[in-house]
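What follows is one structure encoded as structure tokens, with my remarks underneath.
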Amino acid sequence: MDEIDYDQELPRELIKCVVIGDTGVGKSRLICAEALGVGILPPQPSQKQHVHFPTVFAIDQYHVSQEIRKRGNFKVDGVDVALRLWDTFGDHEFNRKFAYQHAHVVVLCFAINCPNTFKNVNAVWYSEIKRYCPRTPIILVGTQSDWRMHFKNSSLVNVSRSLSKRMQDCSLVTPDMGRQVAREIGASYYEASVVTMWGIHDVFENAVRAALITRRQTRFWSSHLKGVSKPQLQPPYLPDKPDAPGINVEVSTYKENLLALLHSGMCADVEFLVRGQAIQAHRAVLCAAAPVFAELFSAKELVINSGIRTPRRLVFQDALVFGKAGSLPRGFVAITSYNKTWVSDECSFEVQVIIDNFVSHKTFMYILEFLYSGVLPVEACTDELEEAAQDLQICNLVDYVTNVLNNVGYMNTEVHSNFIRGMASCSKKLVNTQMFSDIVFKIEGRIILAHKSFLVAQCEMMAAMFMAGHFKESGVQVVEFKDTNFDAFLKVLEFLYTGQCPCLALDDTLAVMALANFFCLPRLVALCEQVIVKELQVSMASDEMAVAEDVIGYLVESQVHNASQLEAWCIHFISTHYNAICRKCPKLVKNLDTSTLKNIEEKRWPPSWYIVEADWYEKAAEQINNEKIAEKLRKSHKQVRRKQKCTCLRVSA
């Protein structure tokens with residue numbers, strides 16, 4: 001085979017590179033990555049196990065494709081080369097022996113995640129190379145190096161043990177093992193991955209160097225080959241630093257939960273009679289949702305400065321108020337005690353309200369659904385509903401239905417937002433107030449008044465607690481929680497009443513998160529995690545290591561309170577600052593439990609195997625540099641001795 005290739009009148013050193021190895025190690029992928037510059041996507045966890053179909057890269061692609069030919073032409077140490085890659089089958093020795101003819105370099109591949117292919121380097125392939133092309137230089141390549149990121153501790157094998165024993169015990173071939181076999185067969189060792197595209201060009205660039213050095217020995221007169229250096233050391237691959245895990249907060253189901261409460265009728269304390277049909281509801285929820293109900297149930301102070309849109313002046317009509325003549329907002333005919341008795345305005349007995357006959361049962365049900373959720377299906381928005389909402393003086397509902405009827409439903413986004421904001425403001429005022437309260441909590445010897453309707457709707461644990469016959473709390477009026485922080489409990493109640501994250505100071509967040517975990521409120525736990533991470537990130541802006549001790553403390557607390565996202569964030573921080581944290585607070589790290597330390601070690605960045613390889617690379621590079629310096633000194637001393645010898649000859653002459 002010719003050693004010179006003429007490409008557009010430019011002579012290039014032609015290099016035939018034969019790629020060999022077991023079936024399935026990735027020879028064709030490696031060649032395509034170099035020839036085409038295209039890798040492959042990493043396998044997804046959901047994908048089935050890959051089935052290998054043997055393929056081969058056709059050498060005639062260099063004649064067919066101008067792009068492939070162009071990518072094969074490049075410079076190495078100032079020498080223009082034309083690299084031609086020859087692919088082979090791993091199980092067709094008869095056909096493969098023709099590929100060895102006139103080979104300038106052989107790239108011998110094995111897969112680092114398959115030790116059997118590594119064993120065959122010496123057992124099968126080296127003897128075959130020596131049989132067909134004994135003087136051809138060899139480049140040993142460990143493919144699929146991206147697997148090392150999945151098994152980060154696999155390289156921590158006792159290097160003092162014999163190679164055969166280490167091969168039996170490991171699932172991945174370590175770089176040290178690869179270099180040892182490379183020394184045995186007189187090859188240079190490299191690793192590559194077609195997933196990350198790391199090491200691909202290193203392999204073939206140094207294969208070209210090995211071929212050119214061998215050629216220089218037979219063409220010593222070629223001055224342009226004198227500058228070719230030996231195959232270079234390959235720096236270890238440093239994986240990208242993983243991004244810190246985010247804190248994902250579930251979408252609020254506040255309105256859906258209230259709507260489900262309405263349909264269940266659980267903990268209802270008011271009954272509406274609409275054309276003789278009864279509908280059960282909850283006074284606390286209705287008063288927070290609409291001013292007209294706050295006026296109806298004598299709770300006007302709830303809607304003051306709440307942001308809820310109210311008519312300038314409510315219209316009243318004559319009505320029966322607990323059996324006596326009085327006045328109620330328009331549309332309400334009578335209000336009376338459900339059990340025919342009424343003691344005082346402060347008592348929380350169930351009441352019954354009779355609605356005027358101009359409102360149908362179906363229409364009033366739609367009204368209640370809007371007040372509990374802030375939304376309605378389009379088919380429910382009719383002229384009848386708009387008229388009923390106007391008569392009952394529910395302004396937000398009037399705006400909502402009017403927008404739908406006028407084909408401007410997109411404007412209801414703002415209507416809904418204002419409604420939810422106003423309702424949350426009113427609901428917050430109900431926390432720890434006697435108005436409509438039907439349950440009392442005793443915390444740290446102090447009393448907190450609450451409303452079962454909000455608690456049952458938003459907390460499944462409290463719904464089970466107050467359900468008749470399940471827990472002792474269902475039959476008592478005062479529920480005592482021991483070892484519970486008073487202020488933290490109020491914050492949890494505020495979340496249950498409003499569906500929004502209460503204003504939390506960092507010092508209070510852990511207590512609130514503990515209660516949220518106790519009451520099985522994952523969204524509140526996530527909100528607390530979010531507050532903690534944001535505060536830590538603010539502190540990290542000036543000095544990342546300033547929060548090291550706090551992060552370890554939060555890691556321990558997160559494990560106690562099932563705050564998995566905060567735990568993942570803390571482990572990521574410790575893993576990516578492992579050495580610095582171990583130096584700063586070794587006792588705190590040592591006190592972590594074994595499983596946590598193992599998790600941190602597995603996610604450590606830079607990985608342990610990279611640190612080992614980086615240390616080897618630095619030492620090897622320093623040794624090579626010292627050898628170069630020694631070689632320069634040897635040459636300079638030799639030149640000095642020559643000059644001295646010449647001087648002596650001149651003097652004697």
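Averaged over residues, the count of other Cβ atoms within 10 Å places the peptides 98-107, 623-632, 596-605 in the sequence 98-107, 596-605, 623-632, highest first. Listed cross-link partners Lys442/Lys472; Lys491/Lys587; Lys16/Lys226; Lys130/Lys635 are compared with a 25 Å cut-off, the Cα-Cα value being larger for Lys491/Lys587; Lys130/Lys635. Distance between the modelled labels on Asp383 and Gln623, one decimal in nanometres: 9.5 nm (7 Å Cα→Cβ projection). Report note on the peptides 175-188, 313-326: ranked by the mean count of other C-beta atoms within 10 Å, highest first, their order is 175-188, 313-326. Placing R0 at 41 angstrom, the Cβ-Cβ distance between Arg135 and Ser564 gives a FRET efficiency of 0.10 after rounding to 0.05. Between Asn357 and Ile447, residue separation times 0.36 nm minus the direct Cα-Cα distance comes to 28.1 nm.
Placing pseudo-labels 7 Å out from each Cα toward the beta carbon at Glu184 and Glu549 gives an inter-label distance of 5.3 nm. Near Phe489: Cβ cut-off under 14 Å, other residues only, Lys/Arg at +1 and Asp/Glu at -1. The net charge is -2. P(r) tail for the range 492-591: Cα pairs beyond 16 Å make up 55% of the total. For the range 192-291, carbon and sulfur atoms together expose 53% of the accessible surface, with a 1.4 angstrom probe and every protein chain in place. The convex hull defined by the C-alpha atoms of the range 432-543 has an orientation-averaged projected area of 7.4 nm². Assign one of three labels to the range 342-449, namely rounded, prolate or oblate, based on the Cα gyration tensor with a ≥ b ≥ c the square roots of its eigenvalues; rounded applies when a/c is under 1.5, prolate when it is not and a/b is larger than b/c, and oblate otherwise. Oblate, because a/c is 1.5 or more while a/b does not exceed b/c.
Take Val556, project a point 7 Å from its Cα along the Cβ direction, then tell me which residues of the range 527-547 have their backbone nitrogen under 17 Å from it. Residues passing the 17 Å test: 547.
If you take all other residues with their beta carbon under 10 Å from the beta carbon of His451, and give Lys and Arg +1 and Asp and Glu -1, the sum is 0. If you add up the charges near Ser373, with Lys and Arg at +1 and Asp and Glu at -1, over every other residue whose beta carbon is less than 11 angstrom from its beta carbon, what do you get? Overall, the nearby charge balance is -1. Each peptide among 357-363, 81-87 gets the average number of other Cβ atoms lying within 10 Å of its residues, and from highest to lowest they stand as 81-87, 357-363.
As an exercise, use a Förster radius of 45 Å and the Cβ-Cβ distance of Ala614 and Gln500 to find the FRET efficiency, rounded to the nearest 0.05.
Taking R0 as 45 Å, the efficiency between Ala614 and Gln500 is 0.40.
Within the same chain, lysines fewer than 8 places from Lys241 are excluded, and of the rest, those with a Cα less than 20 Å from its Cα are Lys152, Lys598, Lys603. Subtracting the Cα-Cα distance of Gln639 and Lys230 from their residue separation scaled by 0.36 nm leaves 144.8 nm. Binning at 10 Å from 0, report for the range 577-630 what percent of all alpha-carbon pair distances ends up in each bin. Spelled out bin by bin, the range 577-630 gives 21, 36, 22, 15, 7, 0 percent.
Semi-axis lengths, largest first, of the ellipsoid equivalent to the range 534-653 are 60, 15, 10 Å, with √(5λ) applied to each eigenvalue of the Cα gyration tensor.
Centre-to-centre separation between the Cα atoms of the range 104-124 and those of the range 356-395: 77 Å. Length gained on full extension, Leu10 to Trp605: 209.5 nm, using 0.36 nm per residue less the C-alpha separation.
The values are calculated or read from the model by the stated rules, or taken from the named source; none is laboratory data. All figures in this text were calculated on a predicted structure; none of them were measured in a lab. All Cβ positions, glycine included, derive from the backbone under ideal geometry; neighbour counts span all protein chains shown. Accessible surface is based on the protein model in full, side chains and every heavy atom, while ligands, DNA and RNA are left aside. Shrake-Rupley method; radii C 1.70, N 1.55, O 1.52, S 1.80 Å.
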